[in-house]
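The values are calculated or read from the model by the stated rules, or taken from the named source; none is laboratory data. The model shown is predicted, which means the values in this text are computed figures rather than measured ones. As a convention, Cβ positions derive from the backbone with ideal geometry for all residues, glycine included, and neighbour counts pool all protein chains shown. These area figures cover heavy atoms from the full protein model, side chains too; ligands, DNA and RNA do not enter into them. Shrake-Rupley method; radii C 1.70, N 1.55, O 1.52, S 1.80 Å.
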Amino acid sequence: MDIQRSLFNDFEIDNNSEEQVEQPKQLTGEEARIVELRETLNRHNHSYYVLNQPTISDQEFDHLMRELQDLEEKHPEMADPLSPTQRVGSDLSQGFKQVQHERPMMSLGNSYSIEEVQDFLRRAKDGLGGEPVEIVGEMKYDGTSISVTYENGRLVRAVTRGDGVRGDDVTANVITIRSIPLELPKGMDFPAKFEVRGEIMLPWASFERLNKERAFNEEPLFANPRNAAAGTLKLQNSAEVARRGLDAYFYFILGENLPYKTHTEAMEAARSWGFKIAHTEVLESIDAVTDFIERWDKERKSLPVATDGLVFKLNSLRQWLNLGATAKSPRWAIAFKFAPERECTKLKSVSFEVGRTGVITPVANLEPVLLSGTIVKRASLHNEDIIRQLDIHDGDMVYVEKGGEIIPKIVGVDTKQREAGAEPLKFVTHCPVCGTALQRIEGEAAWVCPNKWECKPQITGRIEHFVGRHAMNIDGIGEEVAAQLHESGLVNNIADLYDLTVDKLVSLDRFQLKSAQRIMRGIEQSKQVPFERVIFALSIQFVGETTAKVLARNVHNIDRLMEMSAEELAAIPEIGPKIAQSIVEYFAVDTNRDIVERLRWAGLQMALSEEELANRTTKLEGKKIVISGVFQHHSREEYKAMIEQNGGKNVSSISKATSFILAGENMGPSKLEKAQKLGIDIINEDQFLDLLK
Ligand code: AMP
Ligand code: ZN
């Protein structure tokens, strides 16, 4: 089969437009209002997410959305999976179905210099028998590729690249992406059936927010927006996908008999139907190509999304057909890759910051530089050992890179630019806030301020941690309020929060009644927060969310936790000696024991609930279990909960350490292969349920 023939189309005008004409139905007033609201909301969505030009306020938008939600509830017969109300996603879990691409999704050849781009153009021209070519330049968006199919103006399917021939059907997740039209505006001249291809992106701002949250929850960070976008697109929970803020840029349309002669014409058409289109420029000469490279290597740094290069394409779609493709990539396009982003800037000074556990973090203050779309003024220096390894001196010119971390890092020094007489950077010996002599934890690179009860950032840091969303989830206490509560003398430790009243709060400077009430409501509700999160909220060093869960499950109540020895604790699977030691030290401090007693008095959950206890077993203790595929009896979330209930751990990827795989139907072929290679047991639903009986 001639792949290119099916890959791209002939150029006859599409006469099939009857297919688009819908039979008008008789709608009642409310039903007609549903249709109208959907169109209105789609239009505002497009203005906001594609054009970046909001046409109504957020409140008005929410108001219309709520009206539509209410009406849809009243008229279930009008349900539509593509209604704007469905953009919020759901937590239904189903494995992904594998779908064969109608046309394979190929990759692109690479080039790294203008000479290589010239070679590519020469080859293309030769292949066309010396015909002149027109070139277009585009950004190479660094996300994860997607193919989206539309029929009669409605989105019907979205599939990942996969291995190029088959990909995962991720439609449920893709419809949560606001900049992707679900229904094209009526009356537009789009083909009855076509496919658009583009890149799903997690914009820098969302990426940074996500990694900040993950750092807070002690979850592994995403190395870059590409991994984050790909990971997000494969989540089983489309509500979470909706929350993360993906975006999409498109750069191809494919279909039978599409009427366009050039790539730019096709892209303009797609733009007019509401797609967010890759930035495309026609380049008249090789000098224009050079210019384009130089210009965008700078300007891409202020784009809201990550790019890792440019793509040059021939503009004529007929020439695409004539040139065809090699086994891997088309002959009419080439990628141009930029060197990874790194900037050199001056180290102005170093601040030493004190965290909630007293650990001192050195932070570099830099002469501001533009790096991957954001202005960087600060960079992490990690700890004393790293400062020494990098041999940083005062006032050095340093190289900064943005990796997966939230804060960019310093990766080297340009010693040639070092000023004569510059001194090696010295680490502080005393706490920069309270002046206490620092201590170094044995076996750790970190220096710690031991003044737990009087050092302000430690006190406010613990309060902020305690009220956090994954801890006690008390709304209304951010950095500023925590500081204010501490300075006013109202709250010196987390137990003091439970002595607060609305009156005490409104007596504070600039404190609104409403905020006070909100905080008091949150404090009241926190008394229902499960035991495992109470453990997490205490700020015991090294006890993150996962460790807190393990402790709750194994230890059952706070009294037992307080009296356990380091040996007993370390005997719990997943609790290492370092964590065990830290727990023992925490409860050895009288103030901490007092705080726990006061929290107990306040009514916090200091043990697993009856219900949690009743269903708990240790049948899967120490087991690491991968869940894969689609299930009949229970949802994936339910299986996950069962694993945890029975002492096991649900892990996402297969490794030697995996105990077994709980497999439903359609387990991914790559997972299957890996499991077989590593000799890991695969058990089905029924076997799993038997195991727990
Ligand atoms: P690579 O994965 O490095 O082989 O690069 C090829 C991939 O770049 C394609 O499969 C697309 O997912 C992606 N890409 C990003 N921007 C563009 C663009 N403007 N045109 C074509 N492909 C692009
Ligand atoms: Zn201190």
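The angle between the Cα long axis of helix 513-525 and the main principal axis of the chain comes to about 80°, on a 0 to 90 degree scale.
In the chain, carbon and sulfur make up what percent of the accessible area (probe 1.4 Å)?
Details: 16620 of 34080 Å².
C and S atoms contribute 49 percent here.
Round to the nearest 10 and give me the degree value, 0 to 90, for the angle of helix 456-467's Cα axis relative to the longest principal axis of the chain. Tilt of helix 456-467: around 60 degrees.
Between SER653 and ARG243, the distance separating the two model label sites (each 7 Å from Cα on the Cα→Cβ line) works out to 2.3 nm. When only the Cβ of Lys, Arg, Asp and Glu is charged (+1, +1, -1, -1), the dipole of the range 26-88 relative to its Cα centre reaches about 240 debye.
Rounded to the nearest Hz, the phi-derived 3J(HN,Hα) couplings of the range 374-380 under the Karplus curve 6.51 cos²θ - 1.76 cosθ + 1.60 (θ = phi - 60°) are 10, 7, 9, 10, 9, 9, 6, where x marks glycine and proline.
With a Förster radius of 51 Å applied to the C-beta separation of GLU480 and THR617, the computed FRET efficiency comes to 0.65. Spatially, the range 536-606 and the range 432-466 are offset by 20 Å when compared through their Cα centroids. With a ≥ b ≥ c the root eigenvalues of the C-alpha gyration tensor of the range 110-337, is it rounded (a/c under 1.5), prolate (a/b larger than b/c) or oblate? In terms of gyration-tensor shape, oblate. Residue-wise HN-Hα couplings along the range 347-362, as the Karplus relation 6.51 cos²θ - 1.76 cosθ + 1.60 with θ = phi - 60° gives them from phi, are 7, 7, 6, 10, 9, 10, 9, 10, x, 5, 9, x, 5, 8, 10, x Hz; Gly and Pro carry x. Close amide H pairs (under 5 Å, H built 1.01 Å from N) link PHE338 with GLY309, LEU310, residues at least 5 positions away or on another chain. Solvent-accessible area of TRP296, all protein chains in place: 30 Å² (probe radius 1.4 Å, heavy atoms, ligands and nucleic acids excluded). Full extension of the segment from GLU294 to LYS186, taken as 0.36 nm per residue of separation minus the current Cα-Cα distance, would add 34.8 nm. Helix 577-588 and the longest principal axis of the Cα set of the chain meet at an angle near 50°. Rounded to the nearest 20 debye, the dipole size of the range 140-259 about its Cα centre is 100 debye, using +1 on the Cβ of Lys and Arg and -1 on the Cβ of Asp and Glu.
With a simple spin-label model that places each label point 7 Å from the Cα along the Cα-to-Cβ direction, the separation between GLU637 and ASN557 comes to 3.1 nm.
Considering only VAL433, ALA483, SER628, and ranking their Cα positions along the charge dipole of the chain that arises from unit charges at the beta-carbon of Lys, Arg, Asp and Glu, the one farthest toward the positive end is VAL433. Heavy-atom accessible surface of CYS434, to the nearest 10 Å², is about 50 Å², with a 1.4 Å probe and all protein chains retained.
With the cut-off at 1.5 for a/c, could you classify the chain from its C-alpha gyration tensor as rounded, prolate or oblate? Could you put the intermediate results ahead of the total?
Numbers: a/c = 1.81, a/b = 1.42, b/c = 1.27.
Prolate.
A crude spin-label estimate for the pair VAL411 and SER329, with each label 7 Å from Cα along the Cβ direction, gives 2.2 nm. Taking amide hydrogens as placed 1.01 Å from N in the peptide plane, the amide H of GLY109 sits under 5 Å from those of ALA335, each at least 5 positions away in sequence or on another chain.
How do 129-136, 195-202 rank on mean C-beta neighbours within 10 Å, highest first? Walk me through the numbers before you get to the answer.
Working: 129-136: 13.6, 195-202: 24.0.
Sorting 129-136, 195-202 by mean packing, highest first, produces 195-202, 129-136.
Pick out, from ALA215, LEU505, LEU283, the residue whose Cα sits farthest towards the positive end of the charge dipole of the chain, with +1 on the Cβ of Lys and Arg and -1 on the Cβ of Asp and Glu. Result: ALA215. Dipole magnitude for the range 456-528: about 180 debye, using +1 per Lys or Arg Cβ and -1 per Asp or Glu Cβ, origin at the Cα centre.
On a 28 Å Cα-Cα criterion, which of the cross-link pairs LYS186/LYS276; LYS313/LYS409; LYS514/LYS640; LYS140/LYS416; LYS337/LYS671 come out too long? Over 28 Å apart, Cα to Cα: LYS313/LYS409; LYS514/LYS640; LYS140/LYS416; LYS337/LYS671.
Karplus-based coupling profile of the range 164-179, in residue order and whole Hz: x, 9, 10, x, 8, 7, 10, 3, 4, 6, 5, 6, 7, 7, 5, 7, with θ = phi - 60° in 6.51 cos²θ - 1.76 cosθ + 1.60 and x standing for Gly or Pro. Remark on HIS393: its backbone amide H falls under 5 Å from those of LEU425, a criterion applied only to residues 5 or more positions apart or on other chains, H modelled at 1.01 Å from N.
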